[in-house]
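Beneath this line is the structure, given in C-alpha cells, with notes to follow.
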Amino acid sequence: MSRIITVGAAQMGPIQRADSRSSVVRRMIEHLRQAKAHGCDLVVFPELTLTTFFPRWFMDDQAEIDSFFEQSMPSGETAPLLEAARDLGLAISFGYAELVAAAGRVRRYNTQILIGKSGRIIGKYRKIHLPGHAEHEPWRAFQHLEKRYFEVGDLSWPVWRADDHLGGGLLGMMICNDRRWPESYRVMGLQGVEMILLGYNTPRHNPPAPDHDRLSEFHNQLVMQAGAYQNGSWVVGVAKCGVEEDCEMIGGSSIIAPTGEVIGQALTQDDELVVARCDLDLCRSYKASTFNFARHREPEQYRMIVERKGAVEPD
Ligand code: ING
C-alpha cells in the first residue's frame, strides 16, 4: 500500500511591518481552505510566517524586538489558525519567532513547528544555522541580524514518525539558511527521514556578495534538490516572498521528490498554494541502493567534518 501525503506548499507574499498577525492568520486560513478543497493532508508555511522579516532592521529596544516574538503558542491571535487546521483535518507546519522563559532566563529562537491533523504538536525545531551578523552594519542596504535576535537552536534536527494520517511518515524540519548546509539534511537522513519541511525568507540582494544576487533562485533550487536526492527524501521548501518594506525576497516555493526532481513550484511572489501528491515509498529505492548509508558510508574518514569548524588550508 503506497503511503501518499498530499502536500500544500503555502507560499506567503509580503508581510509589511504594519500588517497585524490577525491579517496574516486570515491569509493563512484562506490557504487552509484552498488546501482542503485540493485534498491536502499537510500544509507547510514559511519561516517567521506571522510577521515581516524583522531581522532586516537594527533595533536595540528589547520591547520593540520582542513585539515580533510569540510569547505563547498558540496565542489569542494564532489560536484561530490552529483551530481552523484542526476543524479542516489538516496537519500544518509554520515558522515563528519563539520567546521562551525557562529556568529564570528568556531565550529567543527562530522556530518551526509541526502540528498533526488532530491538533497535537508532533514536533518543534529551532534554527541552527543563523546567517548574517550580530552588530549594526550601516553600510548594508538592509541588515540581516539573525545572530543578534536569535540563539542557535538547541534541539538538533529531530525526525518524527508522524501519525497514521500522514502515512506514518518520517518527517523532519529545517529553516532557511539550514538548507544551504548539507549537514542539516544528513543528520535527518541518518534518521531515515522521508519528508523534510522547510520555510525561508531569502532577500535577493546579499550585501556581502552582490554578484551572487543573479543566482538566488538557482542556488535555492540547487541546495534543496541536492539535499533531497542525497538523502532519498522529499523536500518541501516554502517562501515568504515579494517586496517587504522595500526589500525583495525570492519565491520559488518547491515540492521536490527523492529523485531530486521538482514536481511543483510557485510561479508568483505572492500568496500561492502549490499542491502535490507525495508518495513516501519513492524514497525507498534511493535509501536501499545509491544512498544505502549503512552499506556505503565511511564515517571514520569524515572526522574532520565534525572536529573542524573553519577551513584550514595546507601549508
Ligand atoms: N535567509 C537567507 C537564506 O539563507 C541568505 C540568508 C541570503 C544567505 C542569501 C545567503 C545568501 O536563504 C535566511 N533567513 O536565512
- Message: So, for the chain, what is the accessible surface per residue at a probe of 1.4 Å, expressed in square angstrom?
- Response: 44
- Query: His165 accessible area, nearest 10 Å², 1.4 Å probe?
  - Reply: 100
- Antiparallel bridges, percent of DSSP beta bridges restricted to the chain (to nearest 5): 65
- Query: Can you give the helix-only mean residue ellipticity at 222 nm for the chain, where every DSSP H stretch with n ≥ 4 adds -39500 (n - 2.57) and the sum goes over all residues, rounded to the nearest 500 deg cm²/dmol?
  - Reply: -6500 deg cm²/dmol
- Around Ile250, what is the net charge, scoring Lys/Arg as +1 and Asp/Glu as -1 over all other residues with Cβ under 9 Å from its Cβ? -1
- Task: In whole Hz, with x marking every Gly and Pro, tabulate ³J(HN,Hα) for segment 74-85 from phi via Karplus 6.51 cos²θ - 1.76 cosθ + 1.60, θ = phi - 60°.
- Result: x, 10, x, 7, 9, 3, x, 5, 5, 5, 5, 5
- So how far, in whole Å, is the C-alpha centre of segment 90-157 from the one of segment 249-277? 23
- Item | Summed residue charge, Cβ within 13 Å of Thr290's Cβ, Lys/Arg positive, Asp/Glu negative | +4
- Query: For the chain, what is the charge dipole size about the Cα centre, in debye to the nearest 20, if Lys and Arg each add +1 at the Cβ and Asp and Glu each add -1 at the Cβ?
  - Reply: 900
- Task: Rank Pro203, Pro138, Pro258 by mean-square fluctuation in a GNM of the chain with C-alpha springs under 10 angstrom and give only the top-ranked residue.
- Result: Pro138
- Task: Determine the dipole magnitude for segment 13-145: charges of +1 sit on the beta-carbon of Lys and Arg, -1 on that of Asp and Glu, nothing else is charged, the reference point is the Cα centre, and the result goes in debye to the nearest 20.
- Result: 460
- Message: Of Thr52, Gly251, Met174, which is farthest towards the positive pole of the chain's charge dipole, taken about the Cα centre with +1 and -1 on the beta-carbons of Lys, Arg and Asp, Glu respectively?
- Response: Met174
- Item | Sequence-separation-based contact order of segment 180-315, relative, with Cα cut under 8 Å and 6+ spacing, percent | 21
- Query: Debye sum, Cα scatterers, the chain, no solvent: what log₁₀ I/I(0) at q = 0.09, 0.10, 0.15 1/Å?
  - Reply: -0.43, -0.54, -1.24
- Query: What percentage of all Cα-Cα pairs in segment 193-315 are separated by more than 17 Å?
  - Reply: 65
- Note on the structure: For Leu155, other-chain or 5+-apart residues with amide H closer than 5 Å (H placed, Pro excluded) are Arg126
- Message: To make sure I understand the rule: partners must be lysines, Cα under 30 Å from the Cα of Lys36, and not fewer than 8 residues away in the same chain. Which ones qualify?
- Response: Lys117, Lys124, Lys127, Lys240
- Message: So if each residue of separation counts as 0.36 nm, and I subtract the Cα-Cα distance between Ala134 and Ser156, what length gain in nm does that give?
- Response: 5.7 nm
- Task: Go through segment 124-199 and name the chymotrypsin sites (Phe, Trp or Tyr not before Pro) that are in a DSSP coil and have 12 or fewer other Cβ atoms within 10 Å of their Cβ.
- Result: Trp139
- Give, as a single signed number, the net charge of other residues whose beta carbon lies under 9 Å from the beta carbon of Leu50, with Lys and Arg counted +1 and Asp and Glu -1. -1
- Message: Along the charge dipole of segment 4-307, pointing to its positive end and built from +1/-1 on Cβ of Lys, Arg, Asp and Glu, which listed residue (Ile115, Leu82, Gly104) has its Cα farthest out?
- Response: Ile115
- For Gly123, the residues 5 or more places away or on another chain with a placed amide H closer than 5 Å to its own amide H are Leu114
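The values are calculated or read from the model by the stated rules, or taken from the named source; none is laboratory data. Predicted model, so just to flag it, every value in this text is computed and none were measured. We place every Cβ from the backbone using ideal geometry, glycine too, and count neighbours over all the protein chains shown. The protein model used for the area step is the full one, side chains on, heavy atoms only, and it has no ligands, DNA or RNA in it. Shrake-Rupley method; radii C 1.70, N 1.55, O 1.52, S 1.80 Å.
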